[in-house]
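The values are calculated or read from the model by the stated rules, or taken from the named source; none is laboratory data. What you see is a predicted model, and the numbers here were worked out from it, not measured in a lab. Because the Cβ atoms are built from the backbone with ideal geometry, glycine has one as well, and the counts that use them run over all protein chains shown.
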Amino acid sequence: MAEMTIADSNVARDDAKLAQATFELLAGGAAEPLPRHRHQLSRDEVLTSQTARILAAAVELFGDSGYAETTVAQIADRAGVSRRTVYDLYDSKEAIFLHTYRCTQLLISAAARTDQDQEGEPELTLATLPASVNRLLAVIAAAPAAARMFFLEALGAGPRVRARRNEAIAEFVSGIAPLLQQLHASSETSLPPLSLGLCNAVVAGAIELIVQHLAHKGAETVVELSSTIIELICAVVTPNYQ
């Protein structure tokens, strides 16, 4: 029988459902034990369950013990799977980290989306800005280990991870820029359009505030940054608004 791998299944590495399953486990959800003998579960159902367990275990270990101190054996033990199962899915600890990073990125990006208007398009206004920022910070605070992994451990986890971090930031900026530009255009009609570079500066500044906060305080308190991040956004995006 051929070995199961994520690459040849319908469970994509960037599957939002897998990210959701992983973070449900991190939030205290119980993982259903997989049957040891014959069962009716599909190949992808088994693979999704195993992968979510591995990713949740890895996030906890990377966030609590650090990337350098975590081993594949520890991840397997915490996930309740064999090391062979882990290596069937990932060829290295770095590959596991990259996948946990991607799942965390998906949820943070989803949290950054604003309420929908009547046409179904995202809309950001000065009235909805505080709620949008608070929602994003609440998602980060809800998974402290993931927050430490995503914002702190990625900085020292090797060149591939740092490159992926840069890509993730660029992807986030691309997703949020139209909303910031829309807010700027509706509030600052006398000013030139907001550039992508300034949108990047807003995101980079917010990330640095979060990194500094996590370096000294628990992720659970990251919501304390809300007013500062809102002030940062307004200073760049709507500088003349009173």
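Couple of notes before you dig in:
- From the options ALA73, ALA68, residue that is modelled with pLDDT of 90 or more, small (Gly, Ala, Ser) and either buried (at least 21 other Cβ atoms within 10 Å of the Cβ) or not in a helix (DSSP H, G or I) (or both): ALA68
- Out of SER227, SER190, sole residue that is loosely packed, with under 14 Cβ neighbours inside 10 Å and assigned to a helix (DSSP H, G or I): SER227
- Sole residue being in a helix (DSSP H, G or I) and either surrounded by fewer than 16 Cβ atoms within 10 Å (Cβ to Cβ) or at pLDDT 90 or above (or both), chosen from ALA163, ALA154: ALA163
- Tally of residues being within 18 Å of LEU25 (Cβ to Cβ) and not in a helix (DSSP H, G or I) across segment 83-101: 1
- GLU153 vs. criteria touching a residue at least 12 places away in the same chain (Cβ under 8 Å) and either in the same structural domain as VAL211 (by TED's automatic domain parsing) or touching a Cys at 6+ places or on another chain (Cβ under 6 Å) (or both): yes
- Pairing each residue of segment 121-145 that is free of Cβ contacts under 8 Å to residues at least 60 places away in the same chain with any residue that is surrounded by 15 or more Cβ atoms within 10 Å (Cβ to Cβ) and not in a helix (DSSP H, G or I), provided the two are 6+ apart or on different chains, yields C-beta distances under 8 Å for PRO122/ARG113; PRO122/THR114; GLU123/THR114; LEU124/THR114; THR128/THR114; SER132/THR114; SER132/LEU124.
- Segment 211-223 residues that are closer than 18 Å to ASP64 by Cβ, paired with ones that are in a helix (DSSP H, G or I) and of a type outside the set (A, V, I, L, M, F, W, C) (beta carbon under 7 Å, 6 or more apart): LEU214/ARG148; GLY218/PRO144; ALA219/PRO144; ALA219/ARG148; GLU220/PRO144; VAL222/HIS213
- The residue list ALA204, ALA219 contains one member that is within 18 Å of the chain's Cα centre (by Cα) and either outside the structural domain of LEU136 (by TED's automatic domain parsing) or surrounded by 16 or more Cβ atoms within 10 Å (Cβ to Cβ) (or both), which is ALA219.
- Exactly one residue among ASP88, ASP77 is outside the structural domain of LEU209 (by TED's automatic domain parsing), touching a residue at least 40 places away in the same chain (Cβ under 8 Å), out of contact with any His (no Cβ under 8 Å at 6 or more places or on another chain) and not polar (S, T, N, Q), and that residue is ASP88.
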